[in-house]
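Note sheet for the following structure.
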């Protein structure tokens, strides 16, 4: 069975085609479904995502940034996290708000990013590790593993990144449908609300993401990316 056939079969098994795993629906926070599109209006599809390229999109609020990336390896389900999409489970999305001091991709600058290239860090045991395909926050040197439910690999971060539940239809189009695990949304909106309103040009920073949300390459979303 090819990938499109596999996705079609999965979709046909869904009752409402909103959440892929019923166990996740019961344990996570559902939000209105948002389709991911590029700036030119074309659909974001499984086929359009290249390994190692990361995108920023806003979900579940218009001012809360998230990562979308196709990993170089599989990302199997863990706990309430449903794992990655596609036949190899390599397409994942996570909130881009660090669980420590809420560093995040802002339009002027970003201290947190997905790193496709090898990055060195010290694990909780003080041992130096070198890994590729991780999410690194250079604000306080927290490191997350997107192939393992964004678990903390290093640094002061107290919790994994919140996962964004994804759905694909029979044509491979991608949708964000909910948030899985502990999130920083209210704390983030309360702390940065004034700046977010100015940066995004909105009056309601808690407005939900619309039916279509734009996915922008991370290096184009932020004018400067701090790497460490």
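Only residues that are in a helix (DSSP H, G or I), over 21 Å from residue 137 (Cα atoms) and free of Cβ contacts under 8 Å to residues at least 12 places away in the same chain were counted across region 198-228, and they come to 1. Checked against (1) in contact (Cβ under 8 Å) with a residue 40 or more places away in the chain; (2) in contact with a strand residue (DSSP E or B) (Cβ under 6 Å, 6 or more places away or on another chain), residue 70 passes all but condition (1). Taking the criterion of being assigned to a strand (DSSP E or B), within 23 Å of residue 57 (Cβ to Cβ) and touching a helix residue (DSSP H, G or I) at 6+ places or on another chain (Cβ under 9 Å), would at least one residue in region 140-159 satisfy it? No, region 140-159 has no match at all. Residues in region 160-172 that are assigned to a strand (DSSP E or B) and surrounded by fewer than 18 Cβ atoms within 10 Å (Cβ to Cβ): none.
Is it the case, given these coordinates, that residue 197 is more than 14 Å from the chain's Cα centre (by Cα), surrounded by fewer than 20 Cβ atoms within 10 Å (Cβ to Cβ) and under 27 Å from residue 211 (Cβ atoms)? In short, yes. Would you confirm whether or not region 92-110 contains a residue that is buried (at least 22 other Cβ atoms within 10 Å of the Cβ) and more than 14 Å from the chain's Cα centre (by Cα)? So far as region 92-110 goes, yes, one or more of its residues are buried (at least 22 other Cβ atoms within 10 Å of the Cβ) and more than 14 Å from the chain's Cα centre (by Cα).
Of all the criteria given as (1) within 26 Å of residue 30 (Cα to Cα); (2) surrounded by fewer than 23 Cβ atoms within 10 Å (Cβ to Cβ), the one not satisfied by residue 146 is (2).
Does residue 18 qualify as being at pLDDT below 95, at negative phi, touching a strand residue (DSSP E or B) at 6+ places or on another chain (Cβ under 8 Å) and surrounded by fewer than 19 Cβ atoms within 10 Å (Cβ to Cβ)?
Spelling it out, residue 18 is indeed at pLDDT below 95, at negative phi, touching a strand residue (DSSP E or B) at 6+ places or on another chain (Cβ under 8 Å) and surrounded by fewer than 19 Cβ atoms within 10 Å (Cβ to Cβ).
Inside region 41-64, residues that are closer than 17 Å to residue 165 by Cα and part of a strand (DSSP E or B) make up a count of 7. Filtered by the rule that a residue be at pLDDT 95 or above and part of a loop (DSSP other than H, G, I, E, B), region 27-39 gives a lone residue, 38.
The values are calculated or read from the model by the stated rules, or taken from the named source; none is laboratory data. The shown structure was predicted, so the numbers you read here are calculated from the model rather than taken from an experiment. Here the Cβ is made from the backbone with ideal geometry for all residues, glycine too, and neighbour counts use every protein chain on show.
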